[in-house]
Amino acid sequence: MPIAVKDLCFSYKQGTPFEKKVLHNISLDIEDGEFVGIIGPTQSGKTTLAQHFNALLLPQSGSVTVNGLITSDPQADLISLRLQVGYVFQNPDYQLFAQTVGEDIAFGPQNQQLRKSEVTERVTTAMKQVGLDFDTFCQRDIYALSGGQKRRTAIAGVLACKPKILILDDVTAGLDPRGREEILAVIRDLHQKQKITIIYISNSMDEAAELAERIIVINRGQKQLDEPVREVFKKPEQLRSIGLEIPEVINVIEKLQERGYVIPSIPLTLEEAIDLLTTAYAQREVKR
Amino acid sequence: MELTKNITLGVYLPGKSFIHRLDPRTKIIASGIIVILLLMIRSYQAYGAVFIFLAAAVIIAGIPPGYAFSGFKPMLPVLTFMWIFQLFLYSSPDAEVIFSWWIFTATDAGFHMGTLITLRVIFLFGITTLLTLTTSMVSLTDGLESLLSPLKAIGLPTQELVMTMVIALRFVLILAEELDKIVKAQMARGVAFDRGNFIQKTKKIFPVFLPLFISAFKRAEELIIAMEARSYTGGKHRTKMKTLHIGRVDLAAILIMLIFSALIIFLILTVNPTI
């Protein structure tokens, strides 16, 4: 189910003295099964852009088409669209309201008036997908959860609606390294095994480099780059000028290049870098 | 979907106009006088005069008229409800029936009562909005505090009271922003807030209000910590960075207010009340 955005403009508080233009003529396409990272500094408009993908915001000019459905069409069934395009918010506290983990995850399916057995089935599957053990966590109180568990519950709550596209809005913010690794593993799994299209919003280049196939860089409401992940990191200067941090691995490679070493390709993860450098060193290809 | 767009209460619109430059105390007292006048007015003519006065103030303050009015939009259902109630429930012995169906009877007295009360609410809201749009939080606090300071003599903690009031006003917008995010998070899970019968709709409040309450408490707690971390202590030992003083603009404003009040009182006394 592809997303097509054309000349999208959006201002908050339009028509008031506080009007703030957030998106300027953005056009992009997202294909089925892709893993796209939307990266930009804070206040760059990435959340505003993503909220157009499931019609939480409607375009003020330009258009957003999701699987052939034009979101600004007054006849469009936005409720079923929102179930197909899941959105996980940055802060799980905005979403979680029920007493127990199980009840909260069941909320989405219940909104669709599904049969009880179907709801239970979906809760079980969703919990499995995010790695929460059903017997341990189903009856657990929401407020007894750790930060990482809350995020996973929030993701499960959205997965229970069976989305074909999943938007993840800065879901690792404020997590410790372990909680973060767990979430990233869940996301990777969803993309590879469930074939869910993932739109990953973040201001961390490290995560995007590790996960995404394509990266769209947004800055001040404009699309700056839209390229396969390896291409993006060939322009570290441009990324730095926007105020984005470059993955450590790329920094090391850049330093090596500055000293005159020829590096055959750009690695994205630490493992890749180690592999690349050791083989290259063994073959004495690195030296000038 | 943008919930905060139409909220004008508690928002400050920076500017350099005549009204912005007034001492906050002048503005608070002037608003107070207008509120008292509004509660006494019972004729359309006097409301007309208040309207002209407020409209002039909005224009002088440089507030876009469309924006000033947008604050009423969320109140429309409540106002309509109120108007209908007055229309059918209020009557006087010599009233003329203008509409009657089943057990409902509307009289001209009810019509006028409803209209005047609705106008009163609109104007009361309008004057408060005008005050907050043209007065920053800091000067509003200072002004209120200075006006209430005589009450310290009877042991009232005025500084703390004012601080609480101003924070409450500020939280209107903060909570609206939180509400916006929460509503979106639930809409993303397929909640259709506008579908279903009354009971079904009421049930949909829980997924929104529970997170909102929790976040309000959290916010309040964070604010307390932030204030204490900067050694906030209320009470008499606080000093001011900016001291208030009544200037020439204030004298002009006081003169204008006197003339305006006299005019309204004249209208109240001479024009026959509509009801």
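Can you tell me how many residues within segment A:143-158 are at pLDDT below 90 and part of a helix (DSSP H, G or I)?
Residues flagged as at pLDDT below 90 and part of a helix (DSSP H, G or I) within segment A:143-158 amount to 4.
So A:Thr48 clears everything in (1) assigned to a helix (DSSP H, G or I); (2) among the hydroxyl-bearing types (Ser, Thr, Tyr); (3) more than 21 Å from B:Lys181 (Cβ to Cβ) except one condition, right? Which one?
A:Thr48 satisfies all of (1) assigned to a helix (DSSP H, G or I); (2) among the hydroxyl-bearing types (Ser, Thr, Tyr); (3) more than 21 Å from B:Lys181 (Cβ to Cβ) except (3).
Please determine, by comparing only the residues of segment A:76-117 that are in contact with a helix residue (DSSP H, G or I) (Cβ under 6 Å, 6 or more places away or on another chain), buried (at least 20 other Cβ atoms within 10 Å of the Cβ) and assigned to a loop (DSSP other than H, G, I, E, B), which one is farthest from the other protein chains (Cβ to nearest Cβ).
A:Leu96
When you scan segment A:143-161, how many residues do you find that are among the β-branched types (Val, Ile, Thr) and touching a Pro at 6+ places or on another chain (Cβ under 9 Å)?
Final tally of qualifying residues: 2.
Given B:Leu173, B:Leu147, which one is in contact (Cβ under 8 Å) with a residue 60 or more places away in the chain and over 30 Å from A:Ile79 (Cα atoms)?
B:Leu147
Output the residues belonging to segment A:251-288 that are outside any loop (DSSP other than H, G, I, E, B) and either assigned by TED's automatic domain parsing to the domain that holds A:Phe233 or modelled with pLDDT under 80 (or both).
Correct list: A:Ala280, A:Tyr281, A:Ala282.
Pull out all pairs, ordered by first then second residue, where Cβ-Cβ is under 9 Å, the residues are six or more apart or on different chains, the first lies in segment A:209-236 and is among the basic types (Lys, Arg) and modelled with pLDDT under 90, and the second is surrounded by fewer than 19 Cβ atoms within 10 Å (Cβ to Cβ) and not in a strand (DSSP E or B).
So the pair list comes out as A:Arg230/A:Ser265.
So which residues in segment B:222-264 are assigned to a loop (DSSP other than H, G, I, E, B) and touching a residue at least 24 places away in the same chain (Cβ under 8 Å), if there are any at all?
B:Gly234, B:Gly235, B:Lys236, B:Arg238, B:Lys240, B:Lys242, B:Leu244, B:His245, B:Ile246, B:Gly247
Go through A:Phe10, A:Phe18, A:Phe35 for me and flag whichever is aromatic (Phe, Trp, Tyr) and under 14 Å from the mean Cα position of the chain (by Cα).
From the options A:Phe10, A:Phe18, A:Phe35, the qualifying one is A:Phe35.
Just to be sure, is B:Ile268 under 30 Å from B:Gln86 (Cβ atoms), in contact with a Leu (Cβ under 6 Å, 6 or more places away or on another chain) and not assigned by TED's automatic domain parsing to the domain that holds B:Leu175?
When the stated conditions are applied, B:Ile268 does not pass them.
May I ask you to list the residues in segment A:22-32 that are in a strand (DSSP E or B) and more than 14 Å from chain B (Cβ to nearest Cβ)?
Once the filter is applied, which keeps residues that are in a strand (DSSP E or B) and more than 14 Å from chain B (Cβ to nearest Cβ), segment A:22-32 yields A:His24, A:Asn25, A:Ile26, A:Ser27, A:Leu28, A:Asp29, A:Ile30.
Is it fair to say A:Asp73 is free of Cβ contacts under 8 Å to residues at least 12 places away in the same chain, part of a loop (DSSP other than H, G, I, E, B), more than 13 Å from chain B (Cβ to nearest Cβ) and among the charged types (D, E, K, R)?
Yes, satisfied.
Quick one: how many residues across segment A:164-205 are of a type in the set (Lys, Arg) and outside any loop (DSSP other than H, G, I, E, B)?
4
Within segment B:193-221, how many residues are without any contact (Cβ under 8 Å) to a residue 12 or more places away in the chain and facing chain A (nearest Cβ under 9 Å)?
Of the residues in that region, 6 qualify.
Residues of segment A:118-139 being farther than 12 Å from A:Val101 by Cα and in a loop (DSSP other than H, G, I, E, B), which ones?
Within segment A:118-139, A:Val130, A:Gly131 qualify.
Anything in segment B:156-181 that is among the charged types (D, E, K, R) and more than 14 Å from chain A (Cβ to nearest Cβ)? List them, or say none.
B:Glu160, B:Arg170
Return yes when A:Leu56 is under 17 Å from the mean Cα position of the chain (by Cα) and either surrounded by 23 or more Cβ atoms within 10 Å (Cβ to Cβ) or part of a loop (DSSP other than H, G, I, E, B) (or both) and no when it is not.
For A:Leu56, the condition - under 17 Å from the mean Cα position of the chain (by Cα) and either surrounded by 23 or more Cβ atoms within 10 Å (Cβ to Cβ) or part of a loop (DSSP other than H, G, I, E, B) (or both) - is met.
Hey, among B:Leu140, B:Leu119, B:Leu124, which residue is surrounded by fewer than 17 Cβ atoms within 10 Å (Cβ to Cβ), touching a helix residue (DSSP H, G or I) at 6+ places or on another chain (Cβ under 7 Å) and at pLDDT 85 or above?
Residue meeting the stated conditions: B:Leu124.
Looking for whichever is in contact with an Asp or Glu (Cβ under 6 Å, 6 or more places away or on another chain) and aliphatic (A, V, I, L, M) here; the options are B:Leu244, B:Leu255, B:Leu263. Which one fits?
Of B:Leu244, B:Leu255, B:Leu263, the one residue that is in contact with an Asp or Glu (Cβ under 6 Å, 6 or more places away or on another chain) and aliphatic (A, V, I, L, M) is B:Leu244.
Return yes when B:Gly32 is more than 14 Å from chain A (Cβ to nearest Cβ) and under 18 Å from B:Thr135 (Cα atoms) and no when it is not.
yes
Can you name the residue in segment A:3-49 that is free of Cβ contacts under 8 Å to residues at least 24 places away in the same chain and in contact with a helix residue (DSSP H, G or I) (Cβ under 8 Å, 6 or more places away or on another chain) and is also surrounded by the fewest Cβ atoms within 10 Å (Cβ to Cβ) among such residues?
A:Gly15
The values are calculated or read from the model by the stated rules, or taken from the named source; none is laboratory data. Given the structure is predicted, the values throughout are model-derived calculations rather than measurements. In this analysis, Cβ positions are derived from the backbone assuming ideal geometry, glycine residues included, and neighbour counts consider all displayed protein chains.
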